[in-house]
Amino acid sequence: MMKSLIALCAVATLGLSACSGMGRGETVGTVGGAAAGGAVGSAVTGGRTLGTLGGAAIGGYAGHEAGANYDKKHQ
């Protein structure tokens with residue numbers, strides 16, 4: 001469990017560093033999606049690091065796209 005938490009924190013930190021040029025919806029979506037995806041990936045794979053990182057990556061991408069869509073509609 002601790003390995004998964006450390007991996008999730010590393011992914012979140014890297015994700016935040018890439019958010020400097022994004023709108024607010026994209027930033028919130030990316031970070032929230034990565035956190036939720038990492039938690040789901042960890043739960044589904046029994047706490048395996050690869051599952052956590054994969055879930056965080058997929059969740060971050062989905063959250064980013066949803067946030068970008070939100071930002072376009074609410075300018």
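What follows is calculated from the coordinates using simple rules that are stated; it is not laboratory data. All values reported here derive from a predicted model rather than from experimental measurement. Ideal geometry is used to build each Cβ from the backbone, glycine not excepted, and the neighbour counts take in all protein chains shown.
Structure notes:
- Size of the range 16-75 as Cα extents on the principal axes (Å, biggest first): 41, 21, 10
- Approximating the spin labels as points 7 Å out from Cα along Cα→Cβ, the Val44-to-Tyr70 distance works out to 2.2 nm.
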